[in-house]
Amino acid sequence: MAIPASDLLVMDLAPDARNRARRVVIQLMPPPFSQGWIGNIRKLAAAHWWDGLSINRVQDDYVVQWGDADGEDKAKARGLPGGLANVPESDYVQKAQRQCGGGICESPGWFTSTFTFSTKDQYAAGVGYFIGWAVGTSGDQSETWPVHCYGMVGVGRNLSPDTGSGAELYTVIGHAPRHLDRNIALIGRVIEGIEHLSSLPRGTGALGFYETPEERTPIKSVRLGNEVASLPTYEYLSTESATFARYADARANRRDPFFFKPAGGADICNIPVPVRRVK
């Protein structure tokens with residue numbers, strides 16, 4: 001399945017110590033998920049709001065976070081562009097529209113594939129895949145939400161009821177923090193360049209924040225993919241395909257010579273959706 005360039009967020013960091021370029025490519029989530037925050041992120045990228053800001057937090061086995069290091073200081077904070085939405089907490093979860101006829105109402109559910117990975121999960125009644133993304137669901141599939149797997153990108157926020165504007169973003173670089181599901185907005189996933197984030201020095205301050213400006217990694221620019229010249233074309237493996245079902249089974253039941261005892265299952269985050277450059 002092709003990924004439109006307009007659904008990509010391209011972050012170029014300052015070169016590394018060997019003067020090598022560092023680019024991180026993020027695929028934004030499709031409707032119906034997190035569209036209020038994603039609308040804000042598109043406006044922030046169009047305004048070049050992140051240019052010249054920095055990576056401010058790297059917490060080991062948890063997240064890398066970027067945005068305005070002075071965001072909590074009203075006197076120093078960079079002003080946000082106008083027209084950003086204030087997204088309600090209810091949008092962390094998507095509710096299926098019920099279909100009624102003849103006095104009987106049915107919830108159509110969310111999974112469009114015959115393959116559902118597993119109903120065994122510590123954080124959701126069911127887990128599976130919806131149009132290329134790992135999701136959790138309620139028992140009747142009337143509610144669905146994206147889950148915090150490695151490489152997923154979310155919106156930093158303050159205490160509830162604040163939900164964040166999208167100006168502060170983070171990506172998961174450790175064991176999947178599924179306890180964040182339904183408590184914070186997920187807006188996409190890193191599809192290329194995660195090594196430029198996961199390999200950064202860990203912050204020594206509380207929660208992994210850097211304590212001095214010199215420790216921070218500068219952000220050169222953040223652009224939507226359709227504004228970036230010579231950007232490769234990317235595609236993901238359809239989660240509704242027979243190929244994906246075979247791939248998921250192979251991840252859950254390893255049959256290659258190294259494994260003499262297949263696990264017989266896998267966590268939803270251990271079956272990442274494959275993404276590749278188009279040749």
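The values are calculated or read from the model by the stated rules, or taken from the named source; none is laboratory data. Since this is a predicted model, take the numbers as computed values, not measurements. Cβ coordinates were reconstructed from backbone atoms using ideal geometry, including for glycine residues, and neighbour counts include every protein chain displayed. Remember, those area values only see protein heavy atoms, side chains included, never the ligands or the DNA or RNA. Shrake-Rupley method; radii C 1.70, N 1.55, O 1.52, S 1.80 Å.
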| query | How many of the residues in the range 77-94 are out of contact with any Phe, Trp or Tyr (no Cβ under 7 Å at 6 or more places or on another chain), surrounded by 14 or more Cβ atoms within 10 Å (Cβ to Cβ) and farther than 18 Å from residue 158 by Cβ? | reply | 0
| field | Of all residues in the range 78-130 being at pLDDT below 50 and touching a Lys or Arg at 6+ places or on another chain (Cβ under 6 Å), the one that is nearest to residue 68 (Cα to Cα) | value | 107
| task | List the strands (runs of 3 or more DSSP E) that sit entirely inside the range 159-256 and contain at least 1 residues that are polar (S, T, N, Q). | result | 169-172, 217-224
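May I ask you to verify whether residue 131 is over 9 Å from the mean Cα position of the chain (by Cα), open to solvent by 20 Å² or more (accessible area, probe 1.4 Å), aliphatic (A, V, I, L, M) and within 25 Å of residue 47 (Cα to Cα)? Break it down into steps so the answer makes sense when it comes.
Values: over 9 Å from the mean Cα position of the chain (by Cα): yes; open to solvent by 20 Å² or more (accessible area, probe 1.4 Å): yes; aliphatic (A, V, I, L, M): yes; within 25 Å of residue 47 (Cα to Cα): no.
So residue 131 fails the test.
Would you call residue 273 assigned to a loop (DSSP other than H, G, I, E, B), hydrophobic (A, V, I, L, M, F, W, C) and surrounded by 18 or more Cβ atoms within 10 Å (Cβ to Cβ)? Give the steps one after another, and end with the answer.
Working: assigned to a loop (DSSP other than H, G, I, E, B): yes; hydrophobic (A, V, I, L, M, F, W, C): yes; surrounded by 18 or more Cβ atoms within 10 Å (Cβ to Cβ): yes.
For residue 273, the condition - assigned to a loop (DSSP other than H, G, I, E, B), hydrophobic (A, V, I, L, M, F, W, C) and surrounded by 18 or more Cβ atoms within 10 Å (Cβ to Cβ) - is met.
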